[in-house]
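Just below is one structure, and these are the notes that go with it.
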Amino acid sequence: MPRSRPRRAFTLIELLVVIAIIAVLIGLLLPAVQKVREAAARARCQNNLKQIGIALHNYESVAQTYPPGGAYPVGASAGDVYSVQARLLPFLEQGSLYALIDLNVTPATQLDVIKQRIAVYLCPSEVKDQPRDQGGTPPKITYPLNYAANFGTYFVWDPVAGRGGDGAIPVSALGKTSWTKPASFRDGMSNTIGFAEVKAYQPYARNTSTPAAVGAAFPASVDEVAAMAATGTYRGEIGHTEWTDSPSHQTGFSFVFPPNTKVLFTPSGATAPVDVDVLTQVEGSHASKPSYSIVTSRSYHTGGVVNVLLMDGSVRTVAPSVNPATWRAYGTRDGGEVATLD
């Protein structure tokens, strides 16, 4: 009877080599998969901004003016009002939802509206795409957003004069029916940012010390802004969690610092600093104090870049290394600056 040939098994060394090769291949493959996934997310994000741009221009075609960032009474205080994002709904295939909105009441009174998730207002890279439960009976549920309007470079509202900031979508006086128009953009619509990315659930402080005069100079450093935050009320991680509300910390942004600049502030009782935004006075909350916004454009995209919508309808990607003066120049509609993002 012939002898059977002995079966050859893998040695321990061969098995370890195979495992090592598989581990190396996985290590090489994962970054590529993540890079493809991030590229897809960024493309979808840019498409969201393009849709907002189309809605913005369709609004102007109908109303002969762009919508305001918010509309508040002159020389008086008032509650929150509906945002520019809410006003754009009919042009984003959300006409049924817009039909439920009463622009003459505060959004907080329309619970069936403020809880809605608007997909086009959310970046695929956002890590907290989830509702915010503010409690109450019935509960007040709001939904965040990732695309904020350009209210101005720093100053955003003077309740005494009824004047808004120098941005593309400024805050306006209540009762005014005409806001910014194409002719308002003397810098050129291709040189003015209309919307940019922000992070949901952004920590912020409000009602801080206020610059002495309207038109005050920009803060000199992040440390100066952190010191401002210490003079106000820290509100926690609730910025950009209400797409319906008009204040800058919810649906706007400013150009004090380039994208993803960190302002580290340690709240009372906390053991670690947080990256905070600051709104010196919530628009409409005071009859005479002006509002200044240090609400920075942010995103979760690789490299700290953010996508922005220019007022001509084009979408660009801006790196955090952009020159601060160039970034601010793209925040003004008629500042007379000469700058390019290229």
Residues being surrounded by 14 or more Cβ atoms within 10 Å (Cβ to Cβ), of a type in the set (S, T, N, Q) and part of a loop (DSSP other than H, G, I, E, B) - total across region 53-101: 4
Residues (part of a strand (DSSP E or B) and surrounded by fewer than 22 Cβ atoms within 10 Å (Cβ to Cβ)) located in region 311-342: V315, R316, T317
When residues of region 180-198 are limited to those that are of a type in the set (V, I, T) and under 30 Å from V127 (Cβ atoms), the one surrounded by the most Cβ atoms within 10 Å (Cβ to Cβ): V198
Selection within region 257-268 - under 13 Å from R298 (Cα atoms) and crowded, with 24+ Cβ neighbours inside 10 Å: P259, V263
Selected residue [within 30 Å of S288 (Cα to Cα), of a type in the set (G, A, S) and out of contact with any Cys (no Cβ under 7 Å at 6 or more places or on another chain)] from A63, A43, A76: A76
One residue from T332, T244 being within 14 Å of the chain's Cα centre (by Cα) and among the hydroxyl-bearing types (S, T, Y): T244
Selection status of A200, farther than 23 Å from T340 by Cα, of a type in the set (A, V, I, L, M), under 17 Å from the mean Cα position of the chain (by Cα) and part of a loop (DSSP other than H, G, I, E, B): yes
Top-ranked residue in region 1-52 [being more than 42 Å from the chain's Cα centre (by Cα) and modelled with pLDDT of 75 or more; ranked as surrounded by the fewest Cβ atoms within 10 Å (Cβ to Cβ)]: I13
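The values are calculated or read from the model by the stated rules, or taken from the named source; none is laboratory data. Note that the coordinates shown come from a computational prediction; the quantities given were computed from them, not determined experimentally. Methodologically, a virtual Cβ is constructed for each residue, glycine included, from the backbone with ideal geometry; neighbour enumeration extends over all protein chains shown.
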